[in-house]
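Down below is the structure, laid out as structure tokens.
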Amino acid sequence: MKITVKYFASLREQMGKAEELLTLSDATPIADVWNNVSGGSSSDSILMAINMEYVKSDTIVKEGDEVAFFPPVTGG
Amino acid sequence: MPIEIRSSSFNPWDEIKLHQQKMEQEMNIEGQYGATASFVGSMRDFNEGEPVQSMTLEHYPGMTEKHLEKICTDARQKWDLIETLVIHRVGDIKISEPIVLVCVWSAHRAEAFDACRFIMEDLKSKAPFWKQESTSDGKRWVDKNTPG
């Protein structure tokens, strides 16, 4: 199954890309997608979203989902 | 319940005046609201004890608007409000330019004050915006909000 993964702000710079297309063999918890793309980095300060809504790390990613990883927000 | 992301500078006081005129023309609410509470956040020339020259604000297009709408909907479920207005800048921002405007109209002051603070605090902690400051040492991402 195919998903889109987006990165923002300092994480986009660390990853060296704003987004990528990933092919996963099966529906997967978002925490496993993070482990996959980050090479096992800690997700302690990473916020996670699926289809533009915040999710917990055990939420399952499905075919066609837009996944996003980003650092703590600092607007306002 | 307008939510706007702006890529150029805006005057918050003109925005409040214009929106209030529009509300009175379109919503037939003249005489209905007794309280208008607003918050304007502007760019300082210092942060974390260091001078800051300019700033760039990045956002997650789509999710930012969606989240701001959720915050305003939550506020309207929590309090009896007549209208809310949120405008937030993105892009390159100069010192003293407004970054955010939150304005709330209600019949009485308690709802307007409380909902304005609620929307602003939720925006600061959850809406996907990120600040990058330019200092004499170069650019740096802001990694946390200052306490309210």
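A short reminder: the numbers here are calculations on the coordinates, not readings from a lab. For clarity, every value in this text was computed on a predicted model and none was experimentally measured. Quick reminder, even Gly has a Cβ in these numbers, built from the backbone with ideal geometry, and neighbours come from all protein chains shown.
Assorted remarks:
- The Cβ shell under 14 Å around residue B:95 holds other residues with a net charge of -1, Lys and Arg each +1, Asp and Glu each -1.
- Along chain A, the longest continuous region that contains none of the trypsin sites (Lys or Arg not before Pro) in a DSSP loop with at most 12 other C-beta atoms within 10 Å is A:18-55.
- The long axis of helix B:12-26 is offset from the longest Cα principal axis of chain B by roughly 30 degrees.
- Long-range Cα-Cα pairs in the range B:51-114 (distance over 13 Å), rounded percent: 69
- Gaussian network model of chain B, Cα within-10 Å springs - most flexible of B:110, B:127, B:35: B:110
- Gyration tensor (alpha-carbon) shape descriptor, the range A:1-57, a/c threshold 1.5: rounded
- Of B:61, B:12, B:128, the one that fluctuates the most in a GNM where chain B has Cα springs shorter than 10 Å: B:61
- Which of B:46, B:118, A:8 has the fewest Cβ neighbours within 10 Å, and the rest in rising order: B:46, B:118, A:8
- Order of B:108, B:88, B:19 - criterion: other Cβ atoms within 10 Å of each residue's Cβ, fewest first: B:108, B:19, B:88
- Shown here is the pair-distance distribution of the protein assembly as shown: with all Cα-Cα distances grouped in 5 Å bins from zero up to the longest one, the shares run 1, 6, 14, 16, 17, 14, 12, 9, 6, 4, 1, 0, 0 percent.
- This model, with +1 at the C-beta of Lys and Arg and -1 at the C-beta of Asp and Glu, gives the range A:2-70 a dipole about its Cα centre of some 140 debye.
- Total formal charge among the other residues, if their Cβ is under 11 angstrom from that of residue B:144, Lys/Arg +1 and Asp/Glu -1: 0
- Charge sum, other residues only, whose C-beta stays under 15 Å from residue B:9's C-beta, Lys/Arg counted +1 and Asp/Glu -1: -2
- Sorted ascending by nearby beta carbons within 10 Å, beginning with the fewest, A:73, B:100, B:40 become B:40, B:100, A:73.
- Shielding by partners - mean other protein chain Cβ count within 10 Å, residues of A:7-14: 4
- Between the range A:30-51 and the range B:1-79, the C-alpha centres lie 31 angstrom from each other.
- Counted over the range A:2-70, the DSSP beta bridges are approximately 75% antiparallel.
- Pair-distance profile P(r), taking every C-alpha pair of chain B, with 5 angstrom steps and integer %: 2, 9, 19, 20, 20, 13, 9, 5, 2, 1, 0
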